[in-house]
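Trainee: Can you keep this structure in mind? I'll have questions shortly.
The values are calculated or read from the model by the stated rules, or taken from the named source; none is laboratory data. Note that the coordinates shown come from a computational prediction; the quantities given were computed from them, not determined experimentally. Ideal geometry is used to build each Cβ from the backbone, glycine not excepted, and the neighbour counts take in all protein chains shown. Areas reflect the complete protein model, heavy atoms only, side chains present, ligands, DNA and RNA absent. Shrake-Rupley method; radii C 1.70, N 1.55, O 1.52, S 1.80 Å.
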Amino acid sequence: MTPRVVRRTVPGVLAVAIAAGPALGCRGGLETSSAPSAGTLRFVSGDRALEIPFDDDFNLVFLEVRVNGSQPRSFLLDTGFDTSVLNADRIEELGLVPLGKEAVAQPGGTVETTRLEGVRFELPGVEFGSGPIQAVPLTGLEPFVGRRVDGILGHDFVSLAVVELDYPRRVLRLYDPAGFRAAEGAVALPVTVEASEPFVDLTLVRLDGASVTGRFKIDTGSMDVAGLNRNFTDENALVAANQARVPIPGLAVGGETKGYLVRFAAMRFGPFDLPSPVIGVTTDSAGFEDRANAGTIGGDLLRRFRVTLDYAHGRMLLAPATEIGAPFEVESSGLWVVTEGMDYRRFRVRLVLPGSAAEDAGVRAGDEITALDGVPAENLRLAQIWRALRGPDGSVVRLGMRRDAETRDVALTLRPLL
């Protein structure tokens with residue numbers, strides 16, 4: 001069978017978005033003056049690549065990708081990125097030659113990007129050449145997701161194929177847009193792509209019952225249900241002055257950002273009504289919270305479906321999964337935990353939220369977690385701890401803790417912050 005090749009020129013500028021906070025995924029917009037690059041995607045056989053496995057840590061999509069024939073590297077699939085990028089700290093070990101650098105604005109601060117050429121990516125059944133790309137500093141994000149982040153596959157990759165994210169089975173499927181046919185029963189939502197950013201409508205229902213619809217960027221690089229830009233929130237009075245909220249910092253490529261979490265009465269995503277979602281509002285991310293669109297939708301919403309992104313036909317296809325009825329959880333311990341060390345197996349408390357179960361138990365920033373419910377830290381991953389700390393109201397999580405030379409056991413009785 002003749003291999004199929006899909007080519008497309010990607011317009012626009014590089015836009016970066018990533019989530020790496022305790023609960024609030026911070027959106028961004030990294031812009032460069034680099035010229036648009038031509039992307040080429042080649043199917044090894046036929047017109048599709050099926051059953052590409054992914055990890056779903058923190059509601060994110062991590063794929064194994066080879067770079068110029070390297071050993072598999074850990075890449076984030078992020079529809080919120082304008083183009084694919086490499087981690088700047090991996091340039092040398094991959095044998096790549098930097099061609100120039102540029103300082104660019106990014107949520108949380110300014111970062112330096114490095115221009116590269118001749119980079120080829122390989123996944124099972126498919127090869128992708130991006131043309132000139134940028135390398136950006138991603139290593140600083142790794143402690144917050146507890147794993148390597150060697151690069152990101154962005155819009156330039158996603159736009160070349162029909163991309164099916166089967167969250168229930170944790171597999172990715174790619175199809176040539178020319179011959180793709182939607183499965184029966186899938187719900188189609190219109191998608192518009194502007195400046196390499198994909199948008200879909202989402203309706204939020206305020207606590208007073210009023211509904212507000214906005215254009216939200218599809219952002220698989222956000223772990224949240226959805227995130228609101230401050231302008232849209234204020235203009236539509238989405239959050240009442242006396243409404244319960246939890247101020248929580250987040251993290252973006254350029255540094256830390258600020259925001260808070262609130263609950264809404266409901267959200268409507270196409271024909272699907274989802275009650276009591278937890279939504280993040282960005283209030284301070286170096287000006288990127290003041291965008292014209294409403295915000296982003298992220299992995300904690302998308303994982304409730306089998307999602308097919310068919311930009312060539314201007315649509316997103318949704319097939320509800322069993323997770324669609326799962327409650328929207330919120331961090332219930334008050335802990336923001338990060339990793340230390342090259343193996344990501346040492347866990348440190350970065351922040352304790354005031355009035356939380358963790359504060360009541362005497363946990364402090366800087367404490368080390370040595371065990372979770374009797375399992376030693378060396379046998380844990382950060383995503384496991386994160387999920388355990390989002391348990392139901394009244395459940396008990398037992399942590400082994402170390403502070404300086406003192407060790408102790410702490411029992412946290414979880415209670416949702418909202």
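Trainee: Quick one: Kirkwood hydrodynamic radius for region 70-154, alpha-carbon pairs, angstrom, one decimal?
Mentor: Across region 70-154, the inverse of the average 1/r is 13.4 Å.
Trainee: For every helix of n ≥ 4 consecutive DSSP H residues, a contribution of -39,500 (n - 2.57) applies; sum these over the chain, divide by its total residues, and give [θ] at 222 nm rounded to the nearest 500 deg cm²/dmol.
Mentor: Helix-only estimate at 222 nm: -1500 deg cm²/dmol.
Trainee: Using +1 on the beta carbon of Lys and Arg, -1 on that of Asp and Glu, and nothing else charged, what's the dipole of region 46-193 about the Cα centre, debye to 20?
Mentor: In total the dipole reaches around 60 debye.
Trainee: Also: Would you mind giving the three semi-axes, in whole Å and largest first, of the ellipsoid equivalent to region 320-418 according to its Cα gyration tensor?
Mentor: Gyration-tensor ellipsoid for region 320-418: 23, 17, 12 Å.
Trainee: Report the rotationally averaged projected area of the chain based on its alpha-carbon convex hull, in square nanometres.
Mentor: About 19.8 nm², averaged over all directions.
Trainee: Still on this structure: Quick check on packing: order 364-374, 149-159 by the mean number of other C-beta atoms within 10 Å, highest mean leading.
Mentor: Final packing ranking: 149-159, 364-374.
Trainee: Considering only protein heavy atoms and a probe of 1.4 Å, how much of the accessible area of the chain is carbon and sulfur, as a whole percent?
Mentor: Of the solvent-accessible surface of the chain, carbon and sulfur hold 49 percent.
Trainee: Based on a Kirkwood Rh over C-alpha pairs, give the Stokes-Einstein translational diffusion coefficient of region 378-418 at 10 °C and viscosity 1.306 mPa s in µm²/s.
Mentor: D = 138 µm²/s.
Trainee: Mind putting a number on the dipole of the chain about its Cα centre? Charges go on the C-beta only, +1 for Lys and Arg and -1 for Asp and Glu, and I need it in Debye to the nearest 20.
Mentor: For the chain, the charge dipole is close to 460 debye.
Trainee: Order the peptides 139-147, 335-343 from the highest to the lowest mean number of other Cβ atoms within 10 Å of their residues.
Mentor: 139-147, 335-343
Trainee: Using packing as a proxy for protection, rank 124-131, 93-100 so that the peptide with the highest average count of other Cβ atoms within 10 Å comes first.
Mentor: Order by mean packing, descending: 124-131, 93-100.
Trainee: So what's the net charge close to A188: Lys and Arg +1, Asp and Glu -1, counting the other residues with Cβ under 14 Å from its Cβ?
Mentor: -1
Trainee: Please list 3J(HN,Hα) in residue order for region 297-311, calculated via the Karplus relation 6.51 cos²θ - 1.76 cosθ + 1.60 where θ = phi - 60°; whole Hz, with x for glycine and proline.
Mentor: Each residue of region 297-311 in turn: 10, x, x, 6, 8, 5, 5, 7, 9, 8, 9, 10, 9, 10, 5 Hz.
Trainee: Send over a whole-number figure in Å² for the accessible area per residue of the chain, probe 1.4 Å.
Mentor: 39 Å²
Trainee: While we're looking at this one, here's another question. Taking +1 at the Cβ of each Lys and Arg and -1 at the Cβ of each Asp and Glu, which of P98, P190, A210 sits farthest along the dipole of the chain towards its positive end, judged by Cα position relative to the Cα centre?
Mentor: P190
Trainee: With θ set to phi - 60°, apply the Karplus curve 6.51 cos²θ - 1.76 cosθ + 1.60 along region 115-121 and write out the HN-Hα couplings as whole Hz, x wherever there is a Gly or Pro.
Mentor: With coefficients 6.51, -1.76 and 1.60, one gets 8, 9, 9, x, 9, 10, 10 Hz.
Trainee: Report the accessible area of R387, computed with a 1.4 Å probe over the heavy atoms of all protein chains in place, in Å² rounded to the nearest 10.
Mentor: The value for R387 is about 110 Å².
Trainee: Of A365, F269, T139, which is farthest along the charge dipole of the chain in the positive direction, counting Lys and Arg as +1 and Asp and Glu as -1 at C-beta?
Mentor: Checked the options; the winner is F269.
Trainee: Still on this structure, please answer the following. So how long is each side of region 217-364 along the principal axes, counting just the alpha-carbon atoms, biggest first, in Å?
Mentor: Extents along the principal axes, in whole Å: 52, 40, 31.
Trainee: Taking the Cα centre of region 329-418 as origin, work out the dipole magnitude from +1 charges on Lys and Arg Cβ and -1 charges on Asp and Glu Cβ, in debye rounded to 20.
Mentor: Charge dipole, region 329-418, about its Cα centre: 120 debye, nearest 20.
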